[in-house]
Amino acid sequence: MPYIEKHKLTAIGIYIIVVLFEWFSGGQQNGLAAAAVLGLLLLLIIFSGVFAFLGSFGFMESFASDHSDGLSSNAVSFLSWILFLIGCAFFLFNLNIN
């Protein structure tokens, strides 16, 4: 069985809980919307290493003399968690951007 980090398993658990909550409280349409939006944000968390690798290309910081490793996977994961939790809050508390 492949190794999955604990924070990624936590994100998958939160995803399932929020999608099921939206499905049962708001109907199938709200459940599918939550699954689609949060699923995209969940992919950022699960594949944060790949996104960090791809994101390290093209940044102007890479030309600086003190630049060493590129974009950190921890930074991408942290940003992804913030976006994921904001997305969960929007669905759980029925927030609108108006």
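Observations, loosely collected:
- Residue count for segment 1-25, restricted to those that are in contact with a helix residue (DSSP H, G or I) (Cβ under 8 Å, 6 or more places away or on another chain) and either open to solvent by less than 70 Å² (accessible area, probe 1.4 Å) or charged (D, E, K, R) (or both): 9
- Residue within segment 40-61 that is surrounded by 13 or more Cβ atoms within 10 Å (Cβ to Cβ), in a loop (DSSP other than H, G, I, E, B) and at pLDDT below 90 present: yes
- Within segment 22-36, the residues that satisfy the criterion of being under 17 Å from L85 (Cβ atoms) and at pLDDT below 95 are E22, A34.
- Near pairs, Cβ below 6 angstrom, 6+ apart or cross-chain, from segment 39-56 (over 23 Å from L20 (Cβ atoms)) to any residue that is part of a helix (DSSP H, G or I) and open to solvent by less than 40 Å² (accessible area, probe 1.4 Å): S48/V76; S48/S77; S48/S80; F51/V76; A52/V76
The values are calculated or read from the model by the stated rules, or taken from the named source; none is laboratory data. Since this is a predicted model, take the numbers as computed values, not measurements. Using ideal geometry, Cβ is built from the backbone for each residue, glycine included, and neighbour counts are taken over all protein chains shown. With ligands, DNA and RNA removed, areas are computed over all heavy atoms of the protein, side chains included. Shrake-Rupley method; radii C 1.70, N 1.55, O 1.52, S 1.80 Å.
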